[in-house]
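Read through the structure below, which is laid out as structure tokens, and then see the notes.
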Amino acid sequence: AMLDPDRGLSLTIARVVQRLQGSSLHSQLERQARVSLHKPEIKLESLKEDIKDFLKTSGWEKKLQNAVYSELNVFPSPCHPAAPPEHIKEPLAYMRKAQGSWEKRILKSLNSMCTELNIPLAQKRPVNEQKELLNKWNEMGTDEPDLSLFRPVYAPKDFLEVLMNLRNPNYENGEQPSFRNHLGLIQVPLKVKDIPELKEDFSELGLNTGQLGIDDSAQVPPEFFENEHVRVGQKVLAEQDSAAAQQYVRQGCPTALRADLWALILNISNQPEDILYYEQLKSNVIQHDLLVDSLIYKDVKLTASNDDYYFVFEDYLYQVLLCFSRDTSVLEHFAYSSATPPKSYIRGKLGMEEYAVFYPPNVNYNSFILSVAPLCFLYHEPSKLYQIFREMYVRFFFRLHSISSHPSGIVSLCLLFETLLQTHLPQLFYHLREIGAQPLRISFKWMVRAFSGYLATDQLLLLWDRILGYNSLEILAVLAAAVFAFRAVNLMEVTSLAAAEAVLADLSTLKVMPLLQIFLFATIT
């Protein structure tokens, strides 16, 4: 149900106020206002205005603006007040149902692993184990436990199979005329953008705009653009304005400013209470042993230690992911995610709420590891690294692991990718389809991991700049299509899925920005 704009606005304001009321920012603002009463410039007769002016000049108003901006970025626009809560999670019933059965399947897989290995989902660690873990917290990578019996809960291709089988029950086959000619693997009728719409959305990536990540722009000598861009970036940081930072990074982040700009956009300031919260999560890891700890361990060993870029961060990865698996504040995002957190109980305490352990919604840690690892290049302080990852997860990455109709959700990204290829490279699309190499079978893993582990790190960070800048994951699908366009000549010659995969096996030499620009702005539409 659509809301009239004024009603929608007042609902949004009410929700943001409610969310900020319990926050530490709220108590800090109150404290500042009380302190200001003792200042000579605050007069009783103009008390309200004077306090407002004081909060403005002392930088607190900016902090409040950033907090409001952050809320608006994360939470969806308000539904009709009469809409049931599950509609906020996901408006389409068949998507909610599919996500529900996928979660059941994951949980069943976890539970059967517990039964087979005779290990509980969660148990308290004996005191000597707690001490040992505390002592080696910063070098967990040196451990070599035998994890041969643990198996990944699912692989990307299992998830792709589920997405391929999605159908809208309101359409019997062939009843949707506009959709009937879609020949890809995704068979649900969601609205995705065409190139003219994408050009408009991503206008800052155009050929006449300066970009970091493009070496030979005809318009502006790159070094001139870079120096000027750095100067503007420093100004944006000095202003401490999240909205300005988000606009700025659409043209890319200078390496030296990236960590601070991303933190500003995500509104992460690493306050003492944030550090304390991280320490509490850490003590929870030390006290309780979860089955997922072994899965995380195994995945980090398999993923990071085999990756030339990421193996140096192995210890950070354990810390972040083990803490993440204990973080109940992540549960807040389930109000607007199609997922529902699975719950389990510490052995012997079934049904007693204080012994409930919420399981992280996605047990495919391999993708998680790849979304934490690039952040390790930017943040070296564990509690800050942790907060940045958590915020990236609840804003963006959770959408890559849950079934929904959201434009940044993995289903829409798959459909957008297939539609772009079928429309703009029809010959290539038909050729690959004919030889049994449906393009999505190759690109799915890139998108589900936001290209981490596939692109060179400097290129990956330039891509993620744009995810933050546009508050959208659609650029992943555009890049995936651009990669196929770039390798089209070689792909036209292959005759099997294996050969097509070989052509696209190594993306580490690709330059992201030229590929995106050529695909979006030089394709004849």
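Annotations
- Val300, Val35, ranked by accessible area, largest first (probe 1.4 Å): Val35, Val300
- Proximal aspartates and glutamates relative to Lys235, as straight alpha-carbon distance under 16 Å, when same-chain residues fewer than 8 apart are discounted: Glu226, Asp260
- Figure note: Glu30, Glu418, Glu434, Glu273 ranked by solvent-accessible area, largest first, 1.4 Å probe, ligands and nucleic acids not counted: Glu434, Glu30, Glu273, Glu418.
- Label-to-label distance, Lys191 versus Thr457, with points set 7 angstrom from Cα along the beta-carbon direction: 4.2 nm.
- All distinct Cα pairs of segment 210-266 go into the 1/r average, and the inverse of that average, the Kirkwood radius, is 11.4 Å.
- If you plug the beta carbon distance of Asp215 and Val489 into 1/(1 + (r/R0)^6) with R0 = 25 Å, you get a FRET efficiency near 0.65.
- In the assembled protein chains, Met140 presents an accessible area of approximately 0 Å² (probe radius 1.4 Å).
- Residue-normalised accessible area of the chain, expressed per residue, 1.4 Å probe, Å²: 47 Å²
- For segment 5-78, size of Cβ-based charge dipole, Lys and Arg +1, Asp and Glu -1, in debye: 200 debye
- Whole-percent carbon and sulfur share, accessible surface of the chain, 1.4 Å: 55 percent
- Within the straight-line cut-off of under 21 Å between alpha carbons, the lysines reachable from Lys191 are Lys89, Lys97, Lys199, sequence neighbours fewer than 8 places apart in one chain being disregarded.
- Accessible area, probe 1.4 Å, largest first, for residues Lys89, Lys104: Lys104, Lys89
- Overall form of the chain per C-alpha gyration tensor (a/c, 1.5; a/b vs b/c): rounded
- Of the residues Leu183, Gln21, Gln422, the one whose Cα sits farthest toward the positive end of the charge dipole of the chain, with +1 on the Cβ of Lys and Arg and -1 on the Cβ of Asp and Glu, is Gln21.
- Environment charge of Leu257, counting only residues whose C-beta is closer than 15 Å and scoring Lys/Arg +1, Asp/Glu -1: -3
- With K and R counted +1 and D and E -1, the other residues having a Cβ less than 15 Å from that of Met447 yield a net charge of +4.
- Mean residue ellipticity at 222 nm, helices only, the chain: -17000 deg cm²/dmol; runs of at least 4 DSSP H residues each add -39,500 (n - 2.57), and the sum is divided by the number of residues.
- Taking GluC sites (Glu not before Pro) across segment 88-192, the ones in a DSSP loop with at most 16 further Cβ atoms lying within 10 angstrom of their Cβ are Glu172, Glu175.
The values are calculated or read from the model by the stated rules, or taken from the named source; none is laboratory data. All of these numbers come straight from a predicted model, not from anything done at the bench. In this analysis, Cβ positions are derived from the backbone assuming ideal geometry, glycine residues included, and neighbour counts consider all displayed protein chains. Note: accessible area is taken over every heavy atom of the protein model, side chains too, but ligands, DNA and RNA are not part of it. Shrake-Rupley method; radii C 1.70, N 1.55, O 1.52, S 1.80 Å.
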